[in-house]
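Below: one structure, written as structure tokens.
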Amino acid sequence: MSQKKTAFGKLIGTLHLWLGLASGIVIIVLGLTGAIYVFTDELKPLVYQDRLFIQPENKPKLPLSQLLAAAQKAVGEKRPVTRVEISSQPDRTYIFRALKVDKDGFSHWDYYKYYFRAYVNPYNGKVVKLENSENEFFTVILGLHMRMLFGEKIGHAVVSYSVLAFVLILISGLVLWWPSKWNKSGTDKSFKIKWNAKWKRVNYDLHNVLGFYACVLLFMSAVTGLVWAFDWFEKGVKTIADGGKLAEVPAVFSDSTQNKDITAIDRVFATLQTDQPTAYGYLINFPAAGKLPINASTYLTGSNRYDRIQGQYDQFTGAKLRSRSFDELTNGEKAYAMNFDLHVGAWAGLTSKILTFFAGLICASLPVTGFVIWWGRRKKEVKGGKGVRGGKGGMVAPVRAGAGKVGRPAFVSMSSRLSEEEK
């Protein structure tokens with residue numbers, strides 16, 4: 001039985017080590033960028049006051065169609081505006097976006113064919129700021145987080161499979177962390193950092209103990225990341241949430257026999273305000289062409305994204321085609337709607353955001369502390385004696401002093417055992 005446990009431990013240690021080495025740099029970047037992105041909604045109003053805020057006026061705001069025309073003129077007629085973000089607060093600009101991507105592009109800047117945001121004063125229609133958003137700080141942070149600043153084909157694959165590896169790293173790490181004995185000595189090593197120990201022991205504790213405390217939040221962020229990474233994973237989550245059979249919701253379309261009316265978006269916005277006059281804000285997506293509807297989201301609160309009403313409206317007439325609150329969604333749709341808030345830690349307000357922020361920093365530290373553990377033991381084993389296989393660059397398995405047996409190979413350095421030097 002003990003031999004089987006030893007063999008299993010070696011397998012888990014090997015898996016943990018090599019997956020960590022293979023994905024370490026990406027995990028560091030994802031941890032740091034994720035920690036920053038958690039507080040994007042809180043940071044933007046602080047650093048972008050010049051474009052987000054205006055002096056409210058004692059008069060009605062201009063029609064949305066007129067503001068759209070002003071934004072379209074600013075970005076250029078060859079760059080169609082595709083959506084607008086509207087805050088209910090009287091001192092905020094309307095944010096219009098024109099975006100087109102090239103999924104075959106190699107880098108972040110090849111991926112975006114163009115990406116502009118026009119910040120428009122809703123009282124007078126003036127463009128407060130025209131922003132080239134592909135170079136904007138939070139867009140670059142998101143590009144690092146989602147694609148490592150590569151294009152879609154390379155960057156998405158690198159990040160997706162690194163996140164998949166990270167899920168396995170977390171599971172194997174929990175197995176390695178598990179105390180061999182649940183007495184005071186065993187649990188102290190697993191739950192406490194021995195700050196007065198030598199630096200190798202402190203580094204080990206930072207990896208082992210902090211990794212455990214952040215494990216649940218990191219697992220949640222990683223699994224929700226997989227929902228966006230792989231179509232099969234997204235479909236699987238929705239199917240499980242729907243009870244084993246994916247619920248299908250029929251699509252709705254605009255009446256293309258009607259003439260195009262630019263004021264249709266004014267009627268859509270008026271309907272949104274009438275239905276939910278106390279809403280936190282609105283997001284309206286304009287269809288490029290065809291029979292697709294206008295998609296509009298009414299956000300009921302500023303603390304999360306899932307608590308919203310999703311509606312589709314005829315792009316030619318502005319008539320409501322369908323409107324559903326979160327409670328009216330299928331279970332699969334609810335799971336997907338909550339994915340963003342679970343990923344960024346917004347599911348329990350500011351408290352969960354703070355915890356997710358620190359979990360992101362711990363995530364970025366784990367490959368570093370893990371590498372230090374592995375490298376230190378590897379150097380010690382290589383230096384400690386003659387191995388079975390010699391030669392430059394060869395794998396060395398040292399012989400322990402005073403024993404006739406070959407010592408454990410380097411891959412067990414990621415196990416939960418500590419050497420005497422590190423205690």
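Among the residues of segment 303-312, are any within 20 Å of T93 (Cβ to Cβ), part of a loop (DSSP other than H, G, I, E, B) and either under 26 Å from the mean Cα position of the chain (by Cα) or in the same structural domain as Q89 (by the TED database) (or both)?
No: zero hits.
Is it true that some residue in segment 196-211 is of a type outside the set (S, T, Y), in contact with a Ser or Thr (Cβ under 9 Å, 6 or more places away or on another chain) and modelled with pLDDT under 95?
Taking every residue of segment 196-211 in turn, at least one turns out to be of a type outside the set (S, T, Y), in contact with a Ser or Thr (Cβ under 9 Å, 6 or more places away or on another chain) and modelled with pLDDT under 95.
Of T278, T298, T274, which residue is assigned to a loop (DSSP other than H, G, I, E, B) and more than 30 Å from Y161 (Cα to Cα)?
T278
State whether one or more residues within segment 115-135 are surrounded by fewer than 16 Cβ atoms within 10 Å (Cβ to Cβ), acidic (D, E) and not assigned by the TED database to the domain that holds A279.
Looking through segment 115-135, none of the residues is surrounded by fewer than 16 Cβ atoms within 10 Å (Cβ to Cβ), acidic (D, E) and not assigned by the TED database to the domain that holds A279.
Being closer than 18 Å to Y37 by Cβ, polar (S, T, N, Q) and either outside any helix (DSSP H, G or I) or in contact with a Ser or Thr (Cβ under 9 Å, 6 or more places away or on another chain) (or both) is the filter here, so list the residues in segment 131-188 that pass it.
Scanning segment 131-188 gives S133, T139, S162.
Take segment 37-55 and flag every residue that is under 19 Å from I86 (Cβ atoms) and without any contact (Cβ under 8 Å) to a residue 40 or more places away in the chain.
P45, Y48, Q49, Q55
Residue-wise test of (1) polar (S, T, N, Q); (2) assigned to a strand (DSSP E or B); (3) modelled with pLDDT of 95 or more; (4) under 23 Å from the mean Cα position of the chain (by Cα).
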position: G34; (1), (2), (3), (4): no, no, yes, yes
position: Y37; (1), (2), (3), (4): no, no, yes, yes
position: L46; (1), (2), (3), (4): no, no, yes, yes
position: S65; (1), (2), (3), (4): yes, no, yes, no
position: R79; (1), (2), (3), (4): no, no, yes, no
position: P90; (1), (2), (3), (4): no, no, yes, no
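Using beta carbons and a limit of 9 Å, which pairs, at least six apart or on different chains, have the first residue in segment 307-320 and more than 16 Å from V249 (Cβ to Cβ) and aliphatic (A, V, I, L, M) and the second one in a strand (DSSP E or B) and at pLDDT 95 or above?
Correct list of pairs: A319/Y313.
The values are calculated or read from the model by the stated rules, or taken from the named source; none is laboratory data. Nothing here was measured: the structure is a model prediction, and the numbers come from that model. Reconstructed Cβ throughout: ideal geometry from the backbone, glycine too, with neighbour counts over all protein chains shown.
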